[in-house]
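Heads up, the thing below is written out as structure tokens.
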Amino acid sequence: MAGADKNRDRALLASGHELTALLHHADAEVLVALLDNPALEETQLCMLLERKNLPAEILEEVARRKPLLKNYRVKRALAFHPRTPRLVTLRLLRDLYLMDLVQLTLLPGISTELKRNAEDQLVSRLPQLPLGQKITLARRGPARLAGALLAEGHAQIVTIVLDNAYLTEAQVLRALSREKLPPVVVRAISQHRKWSITYNVRLALVRHPSSPLATVLAYLPELTVSDLRELASPGIVSDRLRKYLEAEVQRRIRVREKPVQKDDTPGPAPASNQD
């Protein structure tokens, strides 16, 4: 017991190399005492927060001390620590810089809740961002952010965001579900080397009123008859396009029903059996 008290007293008064050595101590009470040490500097506190095995109670204690959270590096280290309590991290998200939020969303093992809340923060900041930052996010941002940038329809961003490695088919389809999507987005998707050959994206392009007719007609032979019939239902596409869809359905039916041509040339007469 006396040894534990001695270590706590050391932690309260240590400085220099001794203080740095105590950052790796296993006893949580010693680490809490370090937080009360006036000689503890920002760099040393960040070193403490880099410990992946740091007890959650220490992380909670740091989060409770508002003077410590005035330092951005401390705030960031706390938000990124895998053992930081969920509610603490959620509270810190609104204070993180833009690219730190992006990095957080891409961390392996991040919970769905934290990722979604970080993405919400990013999407909510989009309207205030300058074009240069949007271009950076278009290249490196997570899926939901990439989808939001795609839907905005900036001509300088669309082609960049379509090449984003995190952009998903679901986000592309979500953008195409918007009837008032800028035509530049629709054209860019229809010409993109990856998305233009994706079946569900092609279906969405056929549905979209801004899709170039020539592009849509080129897709029709690749669509299934059931999808063609569904698209040809009233109210889905324009009357003009519906006629093309119906014509394609009829063409498929004729091809399927076309009888196999038989060779009518008489063959040699069967040999007779002779006794």
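Brief remarks follow.
- Taking all protein chains into account, the per residue accessible area for the chain stands at 59 Å² (1.4 Å probe).
- Computed over neighbours whose Cβ is under 13 Å from that of Glu60, the net charge equals +3, Lys and Arg +1, Asp and Glu -1.
- Rounded to the nearest 500, the 222 nm mean residue ellipticity of the chain from helices alone is -17500 deg cm²/dmol, with -39,500 (n - 2.57) taken per DSSP H run of at least 4 residues.
- Applying the Karplus relation 6.51 cos²θ - 1.76 cosθ + 1.60 with θ = phi - 60° to segment 24-39 yields 3J(HN,Hα) values of 9, 5, 7, 7, 4, 5, 5, 5, 5, 4, 4, 5, 8, 6, x, 7 Hz, where x marks Gly and Pro.
- Spatially close lysines, pair count over the chain: Cα under 27 Å, gap of eight or more or interchain: 17
- On the beta carbon distance between Lys70 and Arg140, with R0 = 25 Å, the FRET formula returns roughly 0.30.
- In the set (i) 21.6, 70; (ii) 32.1, 125; (iii) 23.1, 97, the label that goes with Rg and Dmax of the Cα atoms in Å computed for this structure is (ii).
- Split the accessible area of segment 115-225 by element, probe 1.4 Å, and carbon with sulfur accounts for 51%.
- Calculated from backbone phi, Karplus (6.51, -1.76, 1.60) coupling profile of segment 5-17 in Hz, x at Gly/Pro: 4, 4, 5, 5, 5, 4, 5, 6, 10, 5, 8, x, 5
- Rounded to the nearest whole Hz, the Karplus-based 3J(HN,Hα) values (6.51 cos²θ - 1.76 cosθ + 1.60, θ = phi - 60°) of segment 181-189 follow the sequence 4, x, x, 4, 6, 4, 4, 5, 5, with x at glycine and proline.
The values are calculated or read from the model by the stated rules, or taken from the named source; none is laboratory data. The model shown is predicted, which means the values in this text are computed figures rather than measured ones. Cβ sites come from the backbone with ideal geometry, for glycine too, and all protein chains shown count toward neighbours. Just so you know, the surface numbers come from the protein's heavy atoms only, side chains and all, with ligands and any DNA or RNA stripped out. Shrake-Rupley method; radii C 1.70, N 1.55, O 1.52, S 1.80 Å.
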